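Following: one structure in structure tokens, then a few remarks.
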Amino acid sequence: MVKYSVLLPTYNERENLPIIVYLLIREFKKCELEYEIIVIDDNSPDGTLEVAKQLQAAYGEDKILLRPRAGKLGLGTAYIHGLKSASGDFVIILDADMSHHPKFIKQFVELQGETNCDIVTGTRYRKGGGVYGWDFTRKLISCTANYLTQIMLWPGCSDVTGSFRLYKKEVLQDLISSCISKGYVFQMEMMVRAKQLGYTVQEVPITFVDRVYGESKISSKEIIGFWMGMLRLFAST
């Protein structure tokens, strides 16, 4: 049976983690899919890892894998760390803060099966997709980032800053090895590299809902890093 590995990086997500894990498991069971959830916690001071250990005890060590790290080392390296333990044929990435609802996984899996594409990515910027809970400034930043990336880099997808995706495992391994970015610019570089390497991408419209618990990890430093990363990619491609 085809197996799906979920990579779930966390930092201060003790309130959100039990809910997103429950929703993931419910969706996989409903779709009758084989799965594992790999939690990569970056030494969260709020006790996220302790919550993850309780979830592992409840659902089983074969379903919840814990791969903690010593501290915040970047999103890209979190995926690399988790990918080492992934035994699935496909890898799903999404945010642990419930901004991405697992109910869309069924559409991701069906679209991949129909097209045999290498990547399925969720998009907020096609008909049927959307964003809820953001203020005007946050929407402006996201829309501007995607618009400028489309003009400068032609990534071949409508939502380059999104982080709800399904990859063939070997494709994700190849893309990660070719990316040099850290932080949130990493997601954009992955799509740019995918086009350069000739991988096929399909999109599923999704609704993105801002987190209920905890604080956003986006900072001014991350925003500046995104613009610098985009300019670096533009100069090198």
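Tabulated values for the structure
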| item | result |
| --- | --- |
| Long-range HN-HN contacts of T10 with modeled amide H, under 5 Å | I40, D41, D42 |
| Selected from G156, I40, T207, residue furthest toward positive end of dipole (the chain; charges at beta carbon) | G156 |
| Net charge of Cβ neighbours under 12 Å - reference L65; Lys, Arg +1; Asp, Glu -1 | 0 |
| Listed candidates (i) 1.16; (ii) 1.36; (iii) 0.95 - label of the one calculated as Cα Rg over 2.2 N^0.38 Å | (iii) |
| Per residue value of the accessible surface for segment 110-169 (all protein chains in place, 1.4 Å probe), Å² | 48 |
| Fraction of accessible area attributable to carbon and sulfur, the chain (%, probe 1.4 Å) | 56 |
| Value of relative contact order over the chain, rounded to a whole percent, pairs C-alpha under 8 Å and six or more apart | 24 |
| Between 0 and 90°, nearest 10: helix 169-178 axis offset from the chain longest Cα axis | 50 |
| Whole-angstrom gap from segment 21-46 to segment 104-129, using each part's C-alpha centre | 19 |
| Set of lysines with alpha-carbon distance to K53 below 20 Å, sequence-local pairs under 8 removed | K63, K72, K84 |
| Nearest-ten-degree value, helix 17-31 long axis tilted from longest Cα axis of the chain | 90 |
| The chain: antiparallel DSSP beta bridges as a percent of all, rounded to 5 | 25 |
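The values are calculated or read from the model by the stated rules, or taken from the named source; none is laboratory data. For clarity, every value in this text was computed on a predicted model and none was experimentally measured. Counting neighbours? That spans all protein chains shown, and the Cβs are built from the backbone with ideal geometry, glycine included. For the accessible areas, the whole protein counts, side chains as well, though only heavy atoms, and no ligand, DNA or RNA atoms are used. Shrake-Rupley method; radii C 1.70, N 1.55, O 1.52, S 1.80 Å.
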